[in-house]
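**Student:** Submitted below is the structure of interest, expressed as structure tokens.
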Amino acid sequence: MTELKDGCVKPARGPIVSTLASSERTAMLKEDKMMVRVGQLAIDFEVNAYINGVGFQPIKLSDYKGKWIVLCFYPGDFTFV
Amino acid sequence: MAAVAVRYEEFKALGVEVLAISTDSRFSHKIWQEQELSKMVSGGLPFPMLSDAGGRIGAIYGVYDEAAGVDIRGRFIIDPDFVIRAMEVLTPEVGRNPDELIRQIKAFQHVRATGEVTPSGWQPGQVTLTPGPELVGHVCEVWKP
């Protein structure tokens, strides 16, 4: 499978806040504070990713809208638990 | 993450997309996959590994540890309408329980399909509750812990 060409530095959009109300947007940009709540819409983002068998590509959380998603944060590659 | 990966077939059967995310670069993800994960899990981690550069995503999801500069273990169940249904955040010493994650997904899917609600510890096939005025004061007749 061909891998996308990829440089050393590749910006991604990070949190995508255009859908939020302006007061929320201001609060989020001022300090990176927790914005998510159960029962509320997930906050979209775009980041770079590695996909086994595919290679490097940017991914947006909203690419998976319409499906059940489990988003798993973990402390780091090569950790133990 | 490997513990979740070995249950991947179950997630797939439930129509769930798993996304792993840490502050590591995509390059680090690739080498971890090739050097280690592929030896723990046949075929390696089957889901995308996302790079949360600078912890910007972790910060808004409430899992970014500024002192350590990493995202601590946190998982979020998001439904097809993009609504967050559940979250679990742990300090790093204790690993996750994929059984409980799968149970919660099944329960949320059941609720979404039927409009019923599931009592504590519910497993597929067990009794559910139908909320309404008739149930008030009568839960004990249909369900006991």
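Coordinate-derived values only; no laboratory data. Please read these numbers as outputs of a predicted model, since none were measured by experiment. Please note: Cβ atoms are built from the backbone with ideal geometry, for glycine as well, and neighbour counts cover all protein chains shown.
**Student:** Given a 10 angstrom Cα cut-off, can you work out which residue in B:Glu66, B:Glu93, B:Glu34 is the most mobile in a GNM of chain B?
**Tutor:** In this elastic network of chain B, the residue with the biggest mean-square fluctuation among B:Glu66, B:Glu93, B:Glu34 is B:Glu93.
**Student:** While we're looking at this one, here's another question. Would you please state the base-10 log of I(q)/I(0) at q = 0.07 1/Å for the protein assembly as shown, with intensities from the Debye formula using one equal scatterer on every alpha carbon?
**Tutor:** The Cα Debye sum returns log10 ratios of -0.25.
**Student:** Can you compute the helix-only [θ] at 222 nm over the protein assembly as shown? Use -39500 (n - 2.57) per DSSP H run of at least 4 residues, normalise by all residues, nearest 500 deg cm²/dmol.
**Tutor:** Helix contribution divided over all residues of the protein assembly as shown: -6000 deg cm²/dmol.
**Student:** Follow-up question, since we're still on this one. With Cβ to Cβ distances under 13 Å as the rule, what net charge do the other residues near B:Ala3 carry (K, R +1; D, E -1)?
**Tutor:** Residues near B:Ala3 contribute +1 overall.
**Student:** For chain B, report the convex hull volume of the alpha-carbon atoms normalised per residue, in Å³, without decimals.
**Tutor:** Output value, Cα hull per residue: 149 Å³.
**Student:** How long is the gain from B:His110 to B:Ser38 if the chain were fully straight, where each residue apart is worth 0.36 nm and the alpha carbon distance is subtracted?
**Tutor:** Residue separation times 0.36 nm, minus the Cα-Cα distance, leaves 22.5 nm.
**Student:** Same structure, new question: Add +1 for every Lys or Arg and -1 for every Asp or Glu among the other residues with Cβ under 15 Å from the Cβ of A:Leu61, and state the total.
**Tutor:** Result for the neighbourhood of A:Leu61: -1.
**Student:** For chain B, find the longest principal axis of its Cα atoms and tell me its angle to the long axis of helix B:98-114, 0 to 90°, nearest 10.
**Tutor:** Value to nearest ten degrees: 50.
**Student:** Evaluate E = 1/(1 + (r/R0)^6) for A:Phe78 and B:Leu14, where r is the Cβ-Cβ distance and R0 equals 25 Å; express this FRET efficiency to the nearest 0.05.
**Tutor:** 0.30
**Student:** Considering only DSSP beta bridges where both residues belong to segment B:2-114, give the percentage that are antiparallel (nearest 5). Could you put the intermediate results ahead of the total?
**Tutor:** Details: 8 of 11 bridges.
Restricted to segment B:2-114, the bridges split so that about 75 percent are antiparallel.
**Student:** In segment B:85-145, if every C-alpha pair distance is counted and binned at 5 Å from zero, what percent goes to each bin?
**Tutor:** Per 5 Å bin, starting at zero, the Cα-Cα P(r) for segment B:85-145 comes out as 4, 15, 24, 19, 17, 10, 7, 4, 1, 0 percent.
**Student:** Can you tell me which of B:Ala113, B:Ala67, B:Ala20 moves the most in a GNM of chain B? Springs connect C-alpha atoms under 10 Å apart.
**Tutor:** Between B:Ala113, B:Ala67, B:Ala20, it is B:Ala67 that shows the largest mean-square fluctuation.
**Student:** Ok, one more. Which of these, B:Asp81, B:Asp71, B:Asp99, has the largest mean-square fluctuation under a Gaussian network model of chain B (Cα springs below 10 Å)?
**Tutor:** Taking springs between Cα atoms under 10 Å, the residue moving most is B:Asp81.
**Student:** Sticking with this structure for a sec: Count the lysine pairs in chain B that are 8 or more places apart or on different chains: how many have C-alpha atoms under 24 angstrom apart?
**Tutor:** Within chain B, the lysine pair count is 5.
**Student:** Same structure, new question: Sort A:33-41, B:84-92 for me by packing, meaning the mean count of neighbouring Cβ atoms within 10 Å per residue, highest on top.
**Tutor:** B:84-92, A:33-41
**Student:** When you look at the Cβ of every residue in B:55-65, what mean number of other chain Cβ atoms sits within 10 Å? Numbers along the way, then the final one.
**Tutor:** Details: counts 2, 7, 11, 3, 8, 11, 9, 6, 6, 3, 1.
The mean count of partner-chain Cβ atoms within 10 Å per residue comes to 6.
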